[in-house]
Amino acid sequence: MPIKLAEMDERVSFREQLQQENGLVVLINTFTVPPEDADRLLAVWAEDAAFMKRQPGFISTQLHRGIAGSSTFVNVAVWESAAALGAAFSSPEFQAHVAHYPDNAVTQPHLFQKVAVPGICVA
């Protein structure tokens, strides 16, 4: 069984987001696995990140892990566009590699853009 994809926002699918042309996007992707599968998730994610790093439109990525024994991970990746990420995500090489994730892993990818809040943060 491949990794299970769950939507972060039930009203907007990740695949719908990949069809948008909005300029720079930030991918926030959570991964949840049982603790015994954390090392395997890290190894597979590292291979996937190396692949993505070579793709047109890739800017950066950073993986975070929950503390206190958590086996929840969050990937934050920046791409030039949703289309660039979509092309990389739908490539046969990437799709074949998705099968290497632990069977009981759950992922929740979602795309975001920066929001300007006066006096707090800039877009």
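The values are calculated or read from the model by the stated rules, or taken from the named source; none is laboratory data. Everything numeric in this text was worked out from a predicted model, so none of it was measured. So basically every Cβ, Gly included, is an ideal-geometry build from the backbone, and we count neighbours across all protein chains shown.
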Among the residues of segment 75-117 satisfying the criterion of being aromatic (Phe, Trp, Tyr) and crowded, with 18+ Cβ neighbours inside 10 Å, which is modelled with the highest pLDDT?
TRP79
Looking at segment 41-70, which of the residues that are assigned to a loop (DSSP other than H, G, I, E, B) and in contact with a strand residue (DSSP E or B) (Cβ under 7 Å, 6 or more places away or on another chain) is farthest from ASP103 (Cα to Cα)?
GLY57
Log entry, pairs with first residue in segment 107-123 being touching a residue at least 24 places away in the same chain (Cβ under 8 Å) and under 20 Å from LEU85 (Cα atoms), second being loosely packed, with under 12 Cβ neighbours inside 10 Å and β-branched (Val, Ile, Thr), beta carbons closer than 9 Å, six or more apart or on different chains, reads LYS114/VAL122
Pick out the one residue from ASP103, ASP37, ASP9 that is among the acidic types (Asp, Glu) and within 25 Å of ALA123 (Cβ to Cβ).
ASP9
Out of segment 10-59, which residues are at positive phi and surrounded by 12 or more Cβ atoms within 10 Å (Cβ to Cβ)?
GLY57
Filter result for ILE3 (within 14 Å of PRO109 (Cβ to Cβ), modelled with pLDDT under 95 and surrounded by 11 or more Cβ atoms within 10 Å (Cβ to Cβ))
yes
Segment 100-115, residues that are touching a strand residue (DSSP E or B) at 6+ places or on another chain (Cβ under 7 Å), aliphatic (A, V, I, L, M) and outside any strand (DSSP E or B)
ALA105
Restricting the search to segment 60-71, which residues are under 23 Å from SER90 (Cβ atoms) and surrounded by 13 or more Cβ atoms within 10 Å (Cβ to Cβ)?
THR61, LEU63
Within segment 71-86, track down each residue that is in contact with a helix residue (DSSP H, G or I) (Cβ under 9 Å, 6 or more places away or on another chain), without any contact (Cβ under 8 Å) to a residue 60 or more places away in the chain and more than 11 Å from THR30 (Cβ to Cβ).
SER71, ALA77, TRP79
Given (1) farther than 19 Å from HIS97 by Cα; (2) assigned to a helix (DSSP H, G or I); (3) not basic (Lys, Arg), VAL26 misses just (2)
